[in-house]
Each structure stands twice: as C-alpha cells, then as structure tokens.
Amino acid sequence: MNHLRSTESEMFTFFEMTPDLVCIAGKDGYFRKVNRAVTKKLEYTEKELFSMPIHTFIHPADKELTARKRTLLLEGKALIDFQNRYVTKSGKTIWLHWTSVYYPEQEVVFAIAKDVTERKETEKEIEEKYIRFKRLAAHFKSSIEKDRRYLALELHEELAQLASVVKMDIDWLHANLPDVTGPAQSRLEHIMNTSGQLIDTLRKISFVISPNMLHDLGLNETLKLLCREFTALNGIPCVYEGECDELRLTQEIKLDFFRICQEALSNVMSHAQASLVNIRIEETADEICLRIADDGKGFDMKQQKQPSGLTSIRERAASINGRLTIDSEPGKGTRLIITVYDTYI
C-alpha cells in the first residue's frame, strides 16, 4: 500500500512539475485535468479551461484537421507526432507537438505536448529566406535569358542576314563573271563556301545561346533538334525519347531542362569518349525525370574531382527544386537523373 501511494505521489509530482503540457481529456471533448504548464502556456485558469470545449482553444485554421485526428484517436489509433496551433487568452498563437493515447475503459485521453513555437518560427523564417532566394535566383536567370535572347536575335536577324547578303553578292559574281579562271576562280569558290559556313555557324550559335524554338515549338521538339545538331557536329548518335506533357512544366523548368541537356552533351563531347547518348523524359503522377545516359568511359564516383559540368547541372537542378542523381563507373558510362516533384511542377 505504501509502495502504491509512493508511486502515485511520484506520478503526481511528474504531472505537475514537468515543463511539458500534460492533460487528461474526456471523450466529450473537455479537459478533465491539466498540469501547470498548460495553464501557463494557454494563460487560462483551470476553471476556464474546464468550462469550455477543447476545440475552443484551437487555432481556427487547425480545427478541422484536429477533429479528424481526434476521431481516429477515439477509434484506437494513437496520435503521435501531431502538431497544431492553439490560441492563448492574450491572443498569441503557439505551436504544440502532441502524443496522445485513448483509454476506452475510462473514456479518457492522456496527452503530452511540447511547445515547439520557437522552432516553427525559425522554420518559417528559413522558409521565407529560401523563397526570397528562389525569387532572386529566378530574377537573375530571367535577366540572363533576356540578354541571351537579345544577343541571339542580333546574331540571327542582323549578322546572319548581313552574311546572307554577302553570299548572294558572291553567288551573283560567280554566275556573272564566267571569264574568271585559275586562282581567282578558286578564291571565289572558297569565299562562297566560307560564307555559307559562316551563316550556318551564326545560326547554330544563335540556337545555343537562346533557342527560340523552345518558346515557339516547345521542349520536346527543341530537344530533338539539339540531339540532331549534336550528332551532326560530333558524329556521336544522340537520341531523344519520350513526349512529356509540357503543360505540367513551367517555362523555367523547360529552359533549365534544355540547359542541363546542353551541359551534359558538352561533358560527353569533352570527356566521355562515348559512342551513343540517350536523352529521355519520364513522367509519373507526382514527378518528372530527365534522364541523360551515355556509354562512355565513365568515372569513379569516389574520386574527389568530378567533371566540372556536373556542378553546373547540380546547381540548375537545385534552382528548380530538383534532385540530381549520378550513376557512373569506369568503363560503364554515366547516367544523370534530374527529378522534379509535382509540388513544384
């Protein structure tokens, strides 16, 4: 008997002295017993707390969710790691982290909560800073792309057109000066070929700097063209597979997917010694994956120094809330997977 009384006394001491909020609530939704931490945090007296339903003290935005969780609790599912907001008597909002168990024989709920308001405010501050950073990064990317589009337009519309006029004049000279022979004829033909190459080069540079097709025809067609250009320039077969639903993608993601593919193909050309490259976009209900694979020499993932282009790809993936996964082994090629979740799409 003395041992039982001692245990009850220890439990009562814990109940009253712990800094955690400890309470016993009836099935009817009213507090039956609370410790000092509850009255201190909520700023109500015990009489006030016992006289009103518990949902009275819950933040309006959390009442519906809390009610659903309470229903599950009364059905026998313990409530663990649940967070909601309460409003104190003075109007302050506090965050509480709950662990609750229902005892059907006594029809009461035993619950312990920790005040996590400070942590939640820190998380909110970090989230706000992250959002500001994302907006700033998006602004810088938008400004850079705007400058790229202007430069590409100047190259394509101004320089390429001027080069086309020069080529037309050279073609006219070639057609209307039949008496030109020997070294002069060879030089004229060389100029004709060079002017044609100049026009093609200007158009290719214009496309690399800012692909107008991305705005006009979309990501799928632009990646197909990028693969064809890579194959033509490097002699390495490059294939784009898949037709992604572009309505799911923001313009920012489309542009970054294109830039990532550009960077990856540049790495293949410079380092991989590959004989085949495959690019594909795969979709599921909640994510979209860009996969880029080559059959080149690969590299050791454990080595400290990885191809420099991977840093740029990783940064671009992070800027659209994506995750970069790299899989490579010496002699077994390299596979890049950029996963963007539906919360951002």
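The values are calculated or read from the model by the stated rules, or taken from the named source; none is laboratory data. This structure is a prediction, so every number in the text was calculated from the model and none was measured. Note that we place each Cβ from the backbone using ideal geometry, even for glycine, and neighbour counts take in every protein chain shown.
If a residue has to be touching a strand residue (DSSP E or B) at 6+ places or on another chain (Cβ under 8 Å) and at pLDDT below 85 to count, how many in the stretch 231-242 make the cut?
1
Within the set of pairs 6 or more residues apart or between chains, which connect a residue that is under 15 Å from Thr231 (Cα atoms) inside the stretch 271-290 to a residue that is among the acidic types (Asp, Glu) with Cβ atoms less than 7 Å apart?
Matching pairs, first to second residue: Ala272/Asp294; Ala274/Asp294; Ala274/Asp295; Ser275/Asp295; Leu276/Asp294; Leu276/Asp295; Val277/Asp294; Asn278/Glu241.
Test Lys47 against the stated conditions and say whether it is surrounded by 14 or more Cβ atoms within 10 Å (Cβ to Cβ), assigned to a helix (DSSP H, G or I) and without any contact (Cβ under 8 Å) to a residue 40 or more places away in the chain. Break it down stepwise before answering.
On the way: surrounded by 14 or more Cβ atoms within 10 Å (Cβ to Cβ): no; assigned to a helix (DSSP H, G or I): yes; without any contact (Cβ under 8 Å) to a residue 40 or more places away in the chain: yes.
When the stated conditions are applied, Lys47 does not pass them.
Identify all residues within the stretch 231-247 that are in a loop (DSSP other than H, G, I, E, B) and over 23 Å from the mean Cα position of the chain (by Cα); write none if there are none. Don't jump to the end; show me each part of the working.
Quick first cut of the stretch 231-247, residues in a loop (DSSP other than H, G, I, E, B) only: 235-237, 242-245.
Selection gives Gly235, Ile236, Pro237.
Can you tell me how many residues within the stretch 30-52 are under 16 Å from Ser100 (Cβ atoms) and either touching a strand residue (DSSP E or B) at 6+ places or on another chain (Cβ under 9 Å) or modelled with pLDDT under 95 (or both)?
Looking only at the stretch 30-52, we keep the residues that are under 16 Å from Ser100 (Cβ atoms), and these are 30-35, 37-38.
Narrowing further to those that are either touching a strand residue (DSSP E or B) at 6+ places or on another chain (Cβ under 9 Å) or modelled with pLDDT under 95 (or both): 31-35, 37-38.
Of the residues in that region, 7 qualify.
Yes/no matrix, rows are residues, columns are (1) within 30 Å of Ser319 (Cα to Cα); (2) at pLDDT 70 or above:
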{"position": "His139", "(1), (2)": "yes, no"}
{"position": "Ser142", "(1), (2)": "yes, no"}
{"position": "Tyr150", "(1), (2)": "yes, no"}
{"position": "Leu155", "(1), (2)": "yes, no"}
{"position": "Glu158", "(1), (2)": "no, no"}
{"position": "Ile170", "(1), (2)": "no, yes"}
{"position": "Leu173", "(1), (2)": "no, yes"}
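Could you tell me which numbered condition Leu79 fails, if it satisfies all but one of (1) over 41 Å from the mean Cα position of the chain (by Cα); (2) at pLDDT below 95; (3) under 25 Å from Met17 (Cβ atoms)?
Only one criterion in (1) over 41 Å from the mean Cα position of the chain (by Cα); (2) at pLDDT below 95; (3) under 25 Å from Met17 (Cβ atoms) is unmet by Leu79, namely (1).
Conditions first: (1) under 23 Å from the mean Cα position of the chain (by Cα); (2) at pLDDT 90 or above; (3) over 21 Å from Thr222 (Cα atoms). Ala285 passes all but one, so which condition is the exception?
(2)
Could you please find all residues in the stretch 71-87 being without any contact (Cβ under 8 Å) to a residue 24 or more places away in the chain and either out of contact with any Ser or Thr (no Cβ under 8 Å at 6 or more places or on another chain) or assigned to a helix (DSSP H, G or I) (or both)?
Thr71, Leu72, Glu75, Lys77
Somewhere in the stretch 290-301, is a residue of a type in the set (A, V, I, L, M) and in a loop (DSSP other than H, G, I, E, B)? Before you say what the answer is, go through the steps one by one.
The first filter runs over the stretch 290-301 and keeps only residues of a type in the set (A, V, I, L, M), leaving 290, 292-293, 301.
Retained after the next criterion (residues that are in a loop (DSSP other than H, G, I, E, B)): 301.
For the stretch 290-301, residues of a type in the set (A, V, I, L, M) and in a loop (DSSP other than H, G, I, E, B): present.
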